[in-house]
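Asks: Structure below; questions to follow.
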Amino acid sequence: MSLSQGRPYLAIPGPSVMPDAVLQSMHRASPNIYEGELHDLTDSLVPDLKHVAMTDSNVAIYIGNGHAAWEAALANVLSAGDTVLVLATGRFCIGWGEMAEGLGAKVETIDYGAQSSIALAQVEEVLASDKEGRIKAVLAVHVDTSTSVKNDIAGLRDVMDRTGHSALLMADCIASLGCDRFEMDAWGVDVMVSGCQKGLMTPAGVSFVWYNAKADAARGDRVTAYWDWRPRVNPDYYFKYFDGTAPTHHLYGLRTALDLIKAEGLDQVFARHEKLAQIIWAAFDQWSTTGPMHLNIADPAHRSHAVTSVAIGSPNGDALRKWCEQNCGLTLGIGLGREPADGFFRIGHMGHVNAHMIMGVLGTIDAGLKALNIAHGDGALAAAASALAARA
Ligand SMILES: *Cc1c(COP(=O)(O)O)cnc(C)c1O
């Protein structure tokens, strides 16, 4: 008998849980797009979007998903034939690199596989040997959602500075913004992309590119009028923000989401994600003492605080996901970009998530392991409860 009736929890790494306040703010008649409240509201988003990215640089808003922001960022800086260095730690940076290739760039990839973070010493060697400065941009993903690895973006900047290489540092923070600490200016990131449907808790459909003066000056020949970031920043005419009709309701939702982040405080938002992640890891430390299940990323310093990728052996990943959804109303993430995909699952714990939701996820997984006879160590829930008690 299914016990799934009730409020579901979509615990996948995006789209994330939407706060009721965000949904309620979107439940309204279409506003006037020519003047008035919507214009003021859109202007008000800009400083808050800079605040969550910890930057004074520019932000351009696009109607589109994360892939749209990927393309916008690349199109503004690349020329045909430019070389891009892709630092792959999972599916997502590879995908961003493929997009650069589609725009006519030459792509060089260092692939660190699916369980490791970027090896900074190796990047230093590659950049130091590029005496002619062929490499126009370095592409890195802060948190790769397929592997749940977190890369050291500030360390990457240090390495680039040490070699004196002038390449742009471009970071994908689609899975980390508003979850894991990210400081665009302090870390020396030139271009950063993100979307609204993960840490920013808004339905998918709006994405962002933050860019500094160095990135703007690097402008190549690939950019078209629609993707050009310049008219979208401080526009003298409201329509230029989006080059057409504004994403009216998304803007109301995003306004409310940014208000929630402001009210909680960005440092507290980061601390909450960190503590919830540690509670999840405490459970896995026990579960993985026996049986096939283990966290994909061994080093806690390189684990995301927003998504957790788990290896569990084929076909246990699919079986567990189905059991949790059908019996308990909990939807876990698929083993995206992994082989075999049914040997993995992921937990999304980004955005509007609190401790009792995490305890529910862990309790449901524990029950699923028992129901499906998947071998596992004892004491995971007690360990999670102790970890929560110590941190609350
Ligand atoms: C979700 C995600 C993307 C893709 O975003 P879409 O909105 O699905 O296009 C890219 N990079 C990372 C790190 C992501 O988590």
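Asks: Of (1) open to solvent by less than 10 Å² (accessible area, probe 1.4 Å); (2) over 18 Å from Met192 (Cα atoms), Leu103 satisfies all except one. Which?
Replies: For Leu103, the exception is condition (1).
Asks: Taking the condition of being open to solvent by 50 Å² or more (accessible area, probe 1.4 Å) and closer than 18 Å to Val17 by Cβ, how many residues in the stretch 355-373 meet it?
Replies: Residues meeting the conditions: 2.
Asks: When Phe182 is evaluated against the numbered criteria (1) closer than 29 Å to Pro247 by Cα; (2) buried (at least 24 other Cβ atoms within 10 Å of the Cβ); (3) touching an Asp or Glu at 6+ places or on another chain (Cβ under 9 Å), which criterion, by number, is the only one it fails?
Replies: Going through the list (1) closer than 29 Å to Pro247 by Cα; (2) buried (at least 24 other Cβ atoms within 10 Å of the Cβ); (3) touching an Asp or Glu at 6+ places or on another chain (Cβ under 9 Å), Phe182 breaks only (3).
Asks: Can you pull out every residue in the stretch 2-23 that is at positive phi and over 22 Å from the mean Cα position of the chain (by Cα)? Full working, then the answer.
Replies: First pass over the stretch 2-23, keeping only residues at positive phi: 6, 14.
Across the stretch 2-23, the qualifying residue is only Gly6.
Asks: In addition: Considering only the stretch 329-350, how many residues are small (Gly, Ala, Ser) and in contact with a His (Cβ under 9 Å, 6 or more places away or on another chain)?
Replies: The first filter runs over the stretch 329-350 and keeps only residues small (Gly, Ala, Ser), leaving 329, 333, 335, 337, 341, 343, 348.
Adding the requirement that they be in contact with a His (Cβ under 9 Å, 6 or more places away or on another chain) leaves none.
Number satisfying all stated conditions: 0.
Asks: Quick test for you: out of Gly265, Gly291, pick the one residue that is surrounded by fewer than 20 Cβ atoms within 10 Å (Cβ to Cβ) and free of Cβ contacts under 8 Å to residues at least 60 places away in the same chain.
Replies: Only one candidate qualifies: Gly265.
Asks: Which ones in the stretch 1-38 are in contact with a helix residue (DSSP H, G or I) (Cβ under 9 Å, 6 or more places away or on another chain) and closer than 18 Å to Thr245 by Cα?
Replies: Met26, Arg28, Ser30, Pro31, Asn32, Ile33, Tyr34, Glu35, Leu38
Asks: Does Thr109 count as under 21 Å from Trp210 (Cβ atoms) and not assigned by TED's automatic domain parsing to the domain that holds Asn296? Before the answer, list the steps.
Replies: Working: under 21 Å from Trp210 (Cβ atoms): no; not assigned by TED's automatic domain parsing to the domain that holds Asn296: yes.
The answer is no for Thr109.
Asks: Can you say whether Gly337 is farther than 20 Å from Ala277 by Cα and either outside any helix (DSSP H, G or I) or touching a strand residue (DSSP E or B) at 6+ places or on another chain (Cβ under 8 Å) (or both), as far as the supplied structure shows?
Replies: yes
Asks: Are any residues in the stretch 285-343 more than 25 Å from the chain's Cα centre (by Cα), under 17 Å from Tyr9 (Cβ atoms) and not hydrophobic (A, V, I, L, M, F, W, C), and if so, which ones?
Replies: Gln326, Asn327
Asks: Does any residue in the stretch 343-359 that is among the basic types (Lys, Arg) come within less than 9 Å, Cβ to Cβ, of a residue that is at pLDDT below 95 six or more places away or on a different chain, and which pairs are these?
Replies: Arg346/Leu336
Asks: Inspect all residues belonging to the stretch 335-354 and state whether any of them is more than 20 Å from Ser16 (Cβ to Cβ) and open to solvent by less than 30 Å² (accessible area, probe 1.4 Å).
Replies: Yes, some residue in the stretch 335-354 is more than 20 Å from Ser16 (Cβ to Cβ) and open to solvent by less than 30 Å² (accessible area, probe 1.4 Å).
Asks: Does Asp299 satisfy the condition of being touching a residue at least 40 places away in the same chain (Cβ under 8 Å) and outside the structural domain of His142 (by TED's automatic domain parsing)?
Replies: Here the answer is yes, as Asp299 does meet what is asked.
Asks: Within the stretch 19-38, does at least one residue satisfy the condition of being in contact (Cβ under 8 Å) with a residue 40 or more places away in the chain and under 30 Å from Val310 (Cα atoms)?
Replies: Checked the stretch 19-38: at least one residue is in contact (Cβ under 8 Å) with a residue 40 or more places away in the chain and under 30 Å from Val310 (Cα atoms).
Asks: So, in the stretch 155-179, how many residues would count as being open to solvent by 30 Å² or more (accessible area, probe 1.4 Å) and either of a type outside the set (Val, Ile, Thr) or in a strand (DSSP E or B) (or both)?
Replies: Residues meeting the conditions: 5.
Asks: Quick one: in the stretch 204-232, of everything that is surrounded by fewer than 19 Cβ atoms within 10 Å (Cβ to Cβ) and part of a loop (DSSP other than H, G, I, E, B), which residue is nearest to the ligand (Cβ to nearest atom)?
Replies: Ala204
Asks: Shifting gears a bit: With Ala283, Ala298, Ala257 as the choices, which residue is aliphatic (A, V, I, L, M), open to solvent by 70 Å² or more (accessible area, probe 1.4 Å) and out of contact with any strand residue (DSSP E or B) (no Cβ under 7 Å at 6 or more places or on another chain)?
Replies: Sole residue among the options that is aliphatic (A, V, I, L, M), open to solvent by 70 Å² or more (accessible area, probe 1.4 Å) and out of contact with any strand residue (DSSP E or B) (no Cβ under 7 Å at 6 or more places or on another chain): Ala298.
Asks: Now, a different point. Taking only the stretch 1-22 into account, find how many residues are within 16 Å of the ligand (Cβ to nearest atom) and open to solvent by 30 Å² or more (accessible area, probe 1.4 Å).
Replies: 5
Asks: Now for a separate question. Hey, can you tell me all the residues within the stretch 208-241 that are among the acidic types (Asp, Glu) and at pLDDT below 95?
Replies: Asp236 - this is the single residue of the stretch 208-241 that is among the acidic types (Asp, Glu) and at pLDDT below 95.
Asks: Give the stretch 112-152 a look and list any residue that's assigned to a strand (DSSP E or B) and open to solvent by 40 Å² or more (accessible area, probe 1.4 Å), or say none. Spell out how you get there, then give the answer.
Replies: Residues of the stretch 112-152 that are assigned to a strand (DSSP E or B), as a first pass: 135-141, 143-144, 149-150.
Once the filter is applied, which keeps residues that are assigned to a strand (DSSP E or B) and open to solvent by 40 Å² or more (accessible area, probe 1.4 Å), the stretch 112-152 yields only Lys136.
The values are calculated or read from the model by the stated rules, or taken from the named source; none is laboratory data. Just so it is clear, the model here is predicted, and its values are computed rather than measured. Don't worry about glycine lacking a Cβ; one is built from the backbone with ideal geometry, like all the others, and counts go over all protein chains shown. These area figures cover heavy atoms from the full protein model, side chains too; ligands, DNA and RNA do not enter into them. Shrake-Rupley method; radii C 1.70, N 1.55, O 1.52, S 1.80 Å.
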